[in-house]
Amino acid sequence: MCGIAAFYDPEINDKQSAIGKMMATIKHRGPDSDDYYTNDKVALGFRRLSIIDLRGGNQPIFNEDKSRAIIFNGEIYNFKPLRKELIKAGHKFTTKADTEVLLHGFEEWGMDGLLKRVRGMFAFFIWDNNNQTLYGARDFFGIKPLYYSDQDGHLLVGSELKSFLAFPGFKKELNVEAVKPYLMNQYNDLDETFFKGVYRFPAGHWFEYKDGKMKTHKYWDAEYKENNLSFEATVQKIDEDLRETVKLYRNADVPVGAFLSEGVDSSYITSILNPDDVFSVSFDDSTYNEASKAKALADMKGWKFYSKKVNADEAMKDFPEMQYHMDEPDANPSIIPLWYLCKMARKHVTVALSGEGADELFAGYVNYGMHTHSNVIKVFTSELKKLPKHSQVKLARKVKKMPDFPGKVHIYTNLAEPSEFYVGQSVIYDMDYPTIFTSKDANDILQPTYRNKLTVNGIYQKDFKKVKGIDNVKQMQYIDLHHFMLNDIEQKADKISMAHSLELRVPYLDKNIAELANSIPTKYLMNRHDTKYALRKASEKAVPEEWAKRPKLGFPTPIKQWLQEPRFYKQVRKLFSEDFVNDIFDQNKILQLLDENYKGDGSHRRQIWTIYTFLVWYKLFFVDYDNIVKKYQRVQPEVANLLKQGRLV
């Protein structure tokens, strides 16, 4: 697990200095070592967090005649059998690292052939001096970040946006088009980042860059074709494949632990892994405490349990540093507990397994159609779903126009075309979890320059066309996999863990697990019994039934309580009142919204938190950036201490 940066620019003479500045901004991603490669056209820079082949895996790595060089961020979990295959084909290895398998695999099979064979999370670049071409790829799901800026025959690529800001002559400009989608989603869901001219490279794609021109190729995407396995066989297959995957994912030359919440996803993975150390967090507000249930399982299994109780004052104090490491504003409150979870875990392990991805792959969200607890309504709706598809859609449109009644949302969302209504996780039909901003409400608080006609559902339409005609639930799973998972969940998982120089591995987001999950009939995944039903039944082979049936909680964070605390209300109001804010927002309206939330029932909390997060981020990167870089551009104290103690090689 590392950080990478590169550029193609024949006009820059001092490439070592330029790549050095870029690498300095991502030191947290690789505190163990660094190196680079330059020639008259390109520069490749690398920062290393040592996981495999601790003494011999430094990068860049070259092929036998030094004509090709690679830098790589991530892990290839099946590299050992691929290495044997490549040695048999005549390739000579100088390291035991998975990186070198990518390089020789590229030589033997080409990019498409290589990417069809690997299992892992990755972003990597290969410079081929023979044809003067830079190649690059991002993993199947986009677990590892990869950004690029391609302007006037010059290319910038890297793991984090901060490295772009350090590039000589880079023009930092806010992408005004991204502000409204962010307000509606709590994250930026556009291809272009918050920095004008800088884009996310798409997951499941690779590129070749030659003579100032980029050509992009797709090598993988989720496909949905139901298998013919019985329910019992499906449950057995899930368990077998997860056990095989976790066995692969535990491979490391450093300690491996696991994140443990009270939910089924992490409990199942951790029980299969059976690590020495597990980690959990809770808040000083007793309403939000996952650690007690997690500790009960840890005691039952004999794991060493570490927990951290997050204090509201430290969380609000540290929040700007979290947003600095996110690169773009992300108002998902779960960033806060994740920050302290990673910080704690890094004191004990270098690698941790986590349960991200299970909800998207095995249908765990209530928004996929589980909007009632009434069995009567569930059974009634299941009968309606036996109607011909066109009749279901026609009936759904009639239901939508009716006055509210018990079960209306459940019936409508089960019968209607998802492309007509689905807005992912930006709206959750639960009064305890209010919406963020609608398109109209977002425009209403923004200054004219920042308003546009974009809607959440409108942004999804391009992807809905790719899955038109398949099962409704699988359509929504596809959308969440390519939006919420890609641009929110995976971003925070990577950025927050790497801020603490911790490698986070996600077994549910394995290519083989995804292909299995995507082939499971929806009736086995979501039914009147529960969400992700087949996964829950499979988990009973590893965890007690009580854990298998636990409802999804995510990482609940008490922002409602915090925003109604006088000291935090004043802190947020002070930021809302700064002069620069009125350039972007209607300042009077957002102050009024804040005051109403403070004096009222807290129902505006997600809206307030989303605005607050953006303003914290904007102030960091566009008002105080020079000072902030000096403050936050460093190795985390825990990692620095480990280095001093000689516990990192």
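Each reported figure results from applying straightforward, stated rules to the coordinates on display, with no laboratory input. Remember, it's a predicted structure, so these values are computed and weren't measured experimentally. Please note: Cβ atoms are built from the backbone with ideal geometry, for glycine as well, and neighbour counts cover all protein chains shown.
In the chain, a dipole from Cβ-located charges (positive for Lys and Arg, negative for Asp and Glu) runs towards its positive end, and of W547, L155, A123 it is W547 whose Cα lies farthest in that direction. Here K552 is the anchor, and the aspartates and glutamates within straight C-alpha reach of less than 13 Å, apart from those fewer than 8 places off in the same chain, are E262, D265, E290, E356, D359, E360, D530.
Counting beta carbons within 10 Å around each of R68, R138, R451 and listing the fewest first gives the order R451, R68, R138.
Translational D (Stokes-Einstein, µm²/s) of the stretch 559-643 at 25 °C and 0.890 mPa s when Rh comes from the Kirkwood sum over C-alpha pairs?
On the way: Rh = 14.4 Å.
My calculation gives 170 µm²/s for D.
In the stretch 2-218, the convex hull through the Cα atoms has an average projected area of 11.6 nm², a quarter of its surface area.
Taking a straight line from the alpha carbon of K180, these aspartates and glutamates sit under 12 Å away, with near neighbours fewer than eight places off in the same chain left out: D189, D441, D444. Of the residues Y618, G602, L591, the one whose Cα sits farthest toward the positive end of the charge dipole of the stretch 577-622, with +1 on the Cβ of Lys and Arg and -1 on the Cβ of Asp and Glu, is G602. What the Kirkwood sum gives for the stretch 377-474 is a hydrodynamic radius of 15.4 Å, with every pair of different alpha carbons counted.
Residues D265, D189, arranged from fewest to most other Cβ atoms within 10 angstrom of their Cβ, appear as D189, D265. Non-local lysine pairs in the stretch 559-643, meaning eight or more places apart or on different chains, with alpha-carbon distances under 29 Å, amount to 20. The charge dipole of the stretch 1-153, taken about the Cα centre with unit charges on the Cβ atoms of Lys, Arg (+1) and Asp, Glu (-1), comes to about 680 debye, rounded to the nearest 20.
What FRET efficiency would be calculated for the residue pair K468, D14, taking the C-beta separation as r and a Förster radius of 51 Å, to the nearest 0.05? Efficiency, from the Cβ-Cβ distance: 0.50.
For the chain, the equivalent ellipsoid derived from the alpha-carbon gyration tensor has semi-axes of 37, 31, 26 Å in decreasing order. If you take the alpha carbon atoms of the stretch 145-197 and fit the smallest convex hull around them, that volume is 82 Å³ per residue. A simple spin-label model places the labels of H373 and E177 4.5 nm from each other, with each point 7 Å out along Cα-to-Cβ. Note that the stretch 439-455 has calculated 3J(HN,Hα) couplings of 4, 5, 5, 5, 4, 5, 9, 8, 5, x, 4, 9, 7, 7, 9, 5, 10 Hz, one per residue in order, obtained from phi through the Karplus relation 6.51 cos²θ - 1.76 cosθ + 1.60 (θ = phi - 60°); glycine and proline are x. Cα centroids of the stretch 1-46 and the stretch 316-367: how far apart, whole angstrom? After rounding, the separation between the Cα centres reads 27 Å. Here the simple spin-label model places points 7 Å from the Cα toward Cβ, and for K92 and F170 these points are separated by 3.9 nm.
Taking each DSSP H run with n ≥ 4 as -39500 (n - 2.57) and averaging over every residue of the chain yields -12500 deg cm²/dmol at 222 nm. Full extension of the chain segment joining N512 with N311 gains 68.4 nm, where the gain is 0.36 nm per residue of separation less the Cα-Cα distance.
When the P(r) of the stretch 246-345 is calculated, the portion above 23 Å amounts to 32% of the C-alpha pairs. If the segment from K385 to D253 were pulled out straight at 0.36 nm per residue, it would be longer than the present Cα-Cα gap by 42.3 nm. For the stretch 487-593, taking the reciprocal of the average inverse distance between every pair of different Cα atoms yields a Kirkwood hydrodynamic radius of 18.7 Å.
Apply 1/(1 + (r/R0)^6) to the Cβ-Cβ distance of K347 and K570, taking R0 = 41 Å, and write down the FRET efficiency to the nearest 0.05.
Numbers: r = 34 Å, r/R0 = 0.82.
After rounding, the FRET efficiency stands at 0.75.
Charges on Cβ only, +1 for Lys and Arg, -1 for Asp and Glu, centred on the Cα centroid of the chain; of S230, Q132, A178, which one is farthest towards the dipole's positive end? In the chain, that residue is S230. Within straight-line reach of K347, meaning a Cα separation under 16 Å, sit the following aspartates and glutamates at least 8 residues removed in sequence or on another chain: D32, D276, D277, E503, E638. The charge dipole of the stretch 366-409, taken about the Cα centre with unit charges on the Cβ atoms of Lys, Arg (+1) and Asp, Glu (-1), comes to about 260 debye, rounded to the nearest 20. Available extension along the chain between K400 and K453 is 16.8 nm, counting 0.36 nm per residue and deducting the alpha carbon span.
Each listed q (0.15, 0.21 Å⁻¹) maps to a log10 I(q)/I(0) for the stretch 288-420 from the Debye sum over equal C-alpha point scatterers, namely -0.89, -1.23.
Working note: Karplus 6.51/-1.76/1.60 with θ = phi - 60° gives the stretch 130-140 the couplings 5, 10, 6, 10, 9, 10, x, 8, 10, 5, 3 Hz, where Gly and Pro are set to x. Computed from the C-beta positions of K304 and D601 and an R0 of 56 Å, the FRET efficiency is 0.85 to the nearest 0.05. Each Lys and Arg Cβ is given +1 and each Asp and Glu Cβ -1; about its Cα centre, the chain then shows a dipole of about 900 debye.
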